[in-house]
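Enquirer: Can you keep this structure in mind? I'll have questions shortly.
The values are calculated or read from the model by the stated rules, or taken from the named source; none is laboratory data. In this text the structure is predicted, and so the values were computed from the model without any measurement. Cβ atoms come from the backbone with ideal geometry, glycine included; neighbour counts cover every protein chain shown. Please note that ligands, DNA and RNA were not included when accessible areas were found on the heavy atoms of the full protein model with its side chains. Shrake-Rupley method; radii C 1.70, N 1.55, O 1.52, S 1.80 Å.
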Amino acid sequence: MRRIAFILGLTIVLLGLAGCGEGQAPEVNTLSLGKDGEVIHRIVGKTDQSYYKIEPAELEEFAVSRVEEYCAENGEKKVTLEAVDEKGGSIVMDFKYASPEDYSKFNHRVLYAGTMESASDEGYELEAVPFVSVDGKPSEVGYIEDWDKKQMLILETKGGEEMLVNLPGKTIYVNQSAHSGQELTLVGKKSVKISNQEEAGTASLSYIIYE
């Protein structure tokens, strides 16, 4: 069981980034936030690693047991394993969370989604975060019009991890890369790719403002 848990932990960390064409399985971990607060987390990893091989059946069995354990303690359908697919040497797992709080609790990492005012009330020091608009103009919270009413997503990623974030609205600001050692890249109007360039074993927060 310890070996399977170790494999799951490694799979959750993105193992390489590449583009994906239509009809192809994506090769990057993806976090999608729905309009009703639900969260879809797609995990993508290679089955063959340099010193071990992931067995999809074992991985799925362990994931199912973790989901069942979590739901028994926190409520039915708080987390569901939507799909597991193996194709072309890759394994794709889709988890659905009832809320950002369930994602955070299940994965032991920060995910906040709500208004900027609520984020500030919860202790996030937004005044210390330098932002940049989609037009490339630097800004601070105090200079963002009606900032307290804007929507915000705050996500914790690990060193070396990459994540594509899909939002329910249009991106208007992201934190500047120099703030966190991460590179945030706009992908269309409603998606942001996060590349955490910090050292392995560290973690950083990314801040995305949208409307």
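Enquirer: List the aspartates and glutamates whose alpha-carbon lies under 13 Å from that of K78, not counting same-chain residues fewer than 8 positions away?
Expert: Once the sequence-local aspartates and glutamates are set aside, what remains near K78 is E38, E68, E69, E101, D102.
Enquirer: Also, I was wondering about something else. Taking each pair of different alpha-carbon atoms in the range 59-211 once, compute 1/r for the pair, average those values, and report the inverse of that mean as the Kirkwood hydrodynamic radius in Å to one decimal.
Expert: 16.8
Enquirer: Can you give the local net charge around S206? Use residues other than it whose beta-carbon is closer than 15 angstrom to its beta-carbon, Lys and Arg +1, Asp and Glu -1.
Expert: Combined, the nearby Lys, Arg, Asp and Glu give -3.
Enquirer: Distances over 16 Å make up what percent of all Cα-Cα pairs in the range 161-211?
Expert: 35
Enquirer: In a shell of Cβ-Cβ distance under 15 Å around G142, excluding G142 itself, what net charge do Lys and Arg (+1) and Asp and Glu (-1) give?
Expert: With Lys, Arg at +1 and Asp, Glu at -1, the net is -4.
Enquirer: Under a point spin-label approximation (7 Å from Cα along Cα-to-Cβ), what is the S120-E145 distance to one decimal in nm?
Expert: Between S120 and E145, the simple spin-label model gives 1.8 nm.
Enquirer: Hey, with R₀ at 41 Å, roughly what FRET efficiency would S133 and D36 work out to, going by the Cβ-Cβ distance, to 0.05?
Expert: Given R0 = 41 Å and the Cβ-Cβ separation, E is 0.90.
Enquirer: So, R0 is 22 Å and r is the distance between the beta-carbons of V64 and N107; what FRET efficiency does that work out to, to 0.05?
Expert: The computed FRET efficiency comes out at 0.85.
Enquirer: Take the residue pairs K137/K189; K87/K158; K35/K150 and return only those whose Cα atoms are more than 24 Å apart.
Expert: Pairs exceeding the cut-off: K87/K158.
Enquirer: Before anything else, pin down the relative contact order of the range 148-198: Cα pairs under 8 Å, at least 6 apart, normalised by residue count, whole percent.
Expert: Relative contact order here is 42 percent.
Enquirer: Something else: Normalised by the number of residues in the range 71-199, what is the relative contact order in percent for Cα pairs under 8 Å and 6+ residues apart?
Expert: Relative contact order, the range 71-199: 19 percent.
Enquirer: Still on this structure: Which whole-number percent of Cα pairs in the range 123-211 have a distance greater than 15 Å?
Expert: Every Cα pair in the range 123-211 considered, those over 15 Å come to 55 percent.
Enquirer: What's the carbon and sulfur percent of the range 93-211's accessible surface, probe 1.4 angstrom, rounded to a whole number?
Expert: 47
Enquirer: Hey, what's the range 66-170 come to in accessible area per residue, 1.4 Å probe, Å²?
Expert: Heavy-atom accessible area per residue stands at 51 Å².
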